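Since every read-out is calculated from the coordinates, none of them should be taken as a lab result. Given the structure is predicted, the values throughout are model-derived calculations rather than measurements. Here the Cβ positions follow ideal geometry from the backbone for every residue, glycine too, while neighbour counts run over all protein chains shown.
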Amino acid sequence: MAVGSEGQVVNPTTVNLPDGGGATIPPTQGKQGEYLVSEIHGKYFVAAQRKGVFTANVTAVTVPAIAATLVSVFTLWNPIGSGIIGEMIRTDVGVVLSTIVVDTIGWYASFAKNASTGTFTTPGVGLTNIFSTRTGEVPANQIQFYSAYTHVGTPVRVDIIGCFGAAALTTPGPVKLHDGTMLVMPGTAVSVAMSTTVATTSGTDLQATWGEWPFV
């Protein structure tokens, strides 16, 4: 048996090992001698603990329909040269009225020059509408949030968040768990928009959660 493979009984809620210190640490065991191999945190805890997960939200907005020179109320912009990839984790759509326009709601993207030459009107404000998931800390995000941004040209839909199938709302607004299937690359702006008709006036809350990882 290799040295250090015997295991060691510890309380995982009190352990905080230094970076680079794992090679000689014996496996962790519980009080019955069982190896602690299950996840003890949520899926994105480590990234959040390392200050790499962020959220942005807006309240009671009118989501526009896709069009040329789309004037967005919810945009994430990953600047050229940011050095990071944005991993979309989750998108939440809340409805604050009892009725809504029948529509599909999705993420629409502009790329490269079209994205960088858009009009960046209203940036997010830390601890007001953009947050670190280490709640209470000022976010140090590279991807920028805008509650007003005008696209150049017509952005293209890259992801369907959900849909509203009837004007009388009988179910909660859609929630999309992206699970690593939507990566926002440098030089890309993504905005939430409706497929067909402008959403009910001041009827929608939006929130996005994303992680930031080194560009490869």
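Quick notes on this one:
- For residue 163, the amide hydrogen comes within under 5 Å of the amide hydrogens of 105, counting only partners 5 or more places away or on other chains and with H modelled in the peptide plane.
- Order of 39, 137 - criterion: other Cβ atoms within 10 Å of each residue's Cβ, fewest first: 39, 137
- Mean-position separation - Cα centroids, region 167-216 and region 30-51, in angstrom: 29
- Furthest towards positive pole of dipole, 101, 123, 172, structure part the chain, Cβ charges: 123
- Neighbourhood charge, 15 Å Cβ-Cβ cut-off, centred on residue 43 and excluding it, Lys, Arg +1 and Asp, Glu -1: -1
- Taking other C-beta atoms within 10 Å as the exposure proxy, 35, 44, 146 rank 35, 44, 146 from fewest upward.
- Summed residue charge, Cβ within 13 Å of residue 179's Cβ, Lys/Arg positive, Asp/Glu negative: +1
- Here the 3J(HN,Hα) profile of region 7-16, calculated from phi with Karplus coefficients 6.51, -1.76 and 1.60 at θ = phi - 60°, is x, 8, 6, 9, 8, x, 7, 10, 8, 9 Hz, Gly and Pro shown as x.
- Ranked by how many other Cβ atoms sit within 10 Å of their own Cβ, fewest first, the residues 178, 151, 41 fall in the order 41, 178, 151.
- Entry for Kirkwood radius over Cα pairs in Å (calculated from the structure that is shown) out of (i) 17.8; (ii) 18.7; (iii) 19.2: (iii)
- Computed label-point distance, nm, for sites residue 158 and residue 32 using a 7 Å Cα→Cβ extension: 4.7
- Where only DSSP H runs of four or more residues are counted, the chain gives -1000 deg cm²/dmol as its mean residue ellipticity at 222 nm, each run worth -39500 (n - 2.57).
- Residue-by-residue Karplus 3J(HN,Hα) for region 39-55, coefficients 6.51, -1.76, 1.60, Hz, glycine and proline x: 5, 9, 10, x, 4, 10, 4, 4, 5, 5, 4, 7, 6, x, 10, 9, 9
- Close amide H partners of residue 29, meaning residues 5 or more places away or on another chain with modelled amide H under 5 Å apart, are 8, 9, 10, 36.
- Rounded to the nearest 20 debye, dipole of the chain from Cβ charges on Lys, Arg, Asp, Glu: 280
- Whole-Hz Karplus values for region 58-64 come out as 9, 10, 6, 9, 9, 7, x Hz, taken residue by residue from phi with 6.51 cos²θ - 1.76 cosθ + 1.60 and θ = phi - 60°; glycine and proline positions read x.
- Taking the charge dipole of region 52-214 about its Cα centre, with +1 at Lys and Arg Cβ atoms and -1 at Asp and Glu Cβ atoms, the residue from 146, 68, 161 reaching farthest to the positive side is 68.
- Taking amide H as placed 1.01 Å from N in the peptide plane, residue 173 has its amide H under 5 Å from the amide H of 95, each at least 5 places away in sequence or on another chain.
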